[in-house]
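Here's the structure, in structure tokens; my notes come after.
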Amino acid sequence: MQIGIIGLGLIGGSLAKALKYNTEHTVLGTDKDRGVLLKAKLLGAVDEELREQDLPACDLVVVALYPQDTLDWVRAHAAALKKGAVVLDCCGVKRAVCAPLYACAKENGFHFYGAHPMAGLHFSGFEYSAVTMFQNASMVLLPPDDADIETLALLKALFESIGFTNIQISNPDEHDRIIAYTSQLAHVVSNAYVKSPEAKVHKGFSAGSYKDLTRVAKLNADMWTELFLDNRDNLAAELEGLIENLQQYAAALKAGDGETLHALLEAGSTRKEQIDGMYRD
């Protein structure tokens, strides 16, 4: 199979490396930064550059760009894509991308599947991409309404061959609602947390808790601004819920109300145990 990858950043570059290392497929790639493309070729992450004339021969095209760039690229190249080819995006939001590209695919004779590899780092760029990025990770697939089982089976086998151990089937509404909690909220909280004046003097007073909570504070502001705004209703709701919960802790502390504070802490601890138990069973 000939696979084209658009965008060789952290995710696109890691996909290219994983596919080249683990499969016999031909991988063609392109990036707006010519230097990145040359590095990817030198390191063997791609076989050759993906040129416009190569698109009609690609059986699978992975678009690893920001949401608006993904929409723009697919729409601009829709007529050149191979009839029957599968096109995947890698965006962190899906409502803004899937609906218009499902329609575009139908109009132009290819198949569009939303895809979100649940893996990554708090760094961006090809230099941080890794062949092992997707080991034991989950891939969320969002198939169109007319998806066929053969294509889903092919994608499942392909992703499992590069390390994914769970293929989760979802839809754009469910994806964006859940990802607002599991990913986007964590980035907002971490980013806000380090704005405390005490962050400047934490050395010698911090350990695992600080490291865990601040890991994703450093982020790509361009990308996350677009992702947050595309999912602003779900993310705002999660933030409002968190603020309401935090206000209960703050109120108990201000009042010196140990009984309420203990109950709040106990409830959170019990909730964590329940959640962990659900995923162990």
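Pairing each residue of segment 156-180 that is among the small types (G, A, S) with any residue that is open to solvent by less than 10 Å² (accessible area, probe 1.4 Å) and not in a helix (DSSP H, G or I), provided the two are 6+ apart or on different chains, yields C-beta distances under 6 Å for G163/F134; S170/L142; A180/N231. In this structure, is N108 among the polar types (S, T, N, Q) and either in contact with a helix residue (DSSP H, G or I) (Cβ under 9 Å, 6 or more places away or on another chain) or more than 24 Å from Y21 (Cα to Cα) (or both)? Spelling it out, N108 is indeed among the polar types (S, T, N, Q) and either in contact with a helix residue (DSSP H, G or I) (Cβ under 9 Å, 6 or more places away or on another chain) or more than 24 Å from Y21 (Cα to Cα) (or both).
Against the condition closer than 28 Å to L71 by Cα, surrounded by 12 or more Cβ atoms within 10 Å (Cβ to Cβ) and of a type in the set (D, E), how does D222 come out, does it pass? Here the answer is no, as D222 does not meet what is asked.
Scanning segment 1-23 for residues that are farther than 10 Å from L50 by Cβ and of a type in the set (S, T, N, Q), we see that the one that is surrounded by the most Cβ atoms within 10 Å (Cβ to Cβ) is S14.
Within segment 200-217, the set of residues being part of a helix (DSSP H, G or I) and surrounded by 14 or more Cβ atoms within 10 Å (Cβ to Cβ) comprises Y210, L213, T214. The set of residues in segment 32-50 being touching a helix residue (DSSP H, G or I) at 6+ places or on another chain (Cβ under 8 Å), open to solvent by less than 90 Å² (accessible area, probe 1.4 Å) and either over 13 Å from E127 (Cα atoms) or polar (S, T, N, Q) (or both) consists of G44, V46, D47, E49. For segment 101-114, enumerate the residues that are open to solvent by less than 10 Å² (accessible area, probe 1.4 Å), under 22 Å from P56 (Cβ atoms) and part of a strand (DSSP E or B). Within segment 101-114, F112, Y113 qualify.
Residues in segment 1-30 that are of a type in the set (A, V, I, L, M) and within 14 Å of A85 (Cβ to Cβ): M1, I3, I5, I6, L28. Criterion applied to D212, D222 was being within 23 Å of Y128 (Cα to Cα) and in contact (Cβ under 8 Å) with a residue 24 or more places away in the chain, and the one residue passing it is D222.
Please work out if N234 is part of a helix (DSSP H, G or I), touching a Lys or Arg at 6+ places or on another chain (Cβ under 7 Å) and surrounded by 13 or more Cβ atoms within 10 Å (Cβ to Cβ). For N234, the condition - part of a helix (DSSP H, G or I), touching a Lys or Arg at 6+ places or on another chain (Cβ under 7 Å) and surrounded by 13 or more Cβ atoms within 10 Å (Cβ to Cβ) - is met. Scanning segment 251-263 for residues that are surrounded by 11 or more Cβ atoms within 10 Å (Cβ to Cβ) and either in contact with a Pro (Cβ under 6 Å, 6 or more places away or on another chain) or in a helix (DSSP H, G or I) (or both) turns up A251, A252, L253, T260, L261, H262, A263. The sole residue among T260, T225 that is among the β-branched types (V, I, T) and under 20 Å from S124 (Cβ atoms) is T225. Applying the criterion of being at negative phi and open to solvent by less than 30 Å² (accessible area, probe 1.4 Å) to the residues of segment 120-129, the residue that is farthest from the chain's Cα centre (by Cα) is F126.
The values are calculated or read from the model by the stated rules, or taken from the named source; none is laboratory data. Computed from a prediction, not measured in an experiment: that's the story for all the values here. As a convention, Cβ positions derive from the backbone with ideal geometry for all residues, glycine included, and neighbour counts pool all protein chains shown. These accessible areas exclude ligands, DNA and RNA; they are computed on the full protein's heavy atoms, side chains included. Shrake-Rupley method; radii C 1.70, N 1.55, O 1.52, S 1.80 Å.
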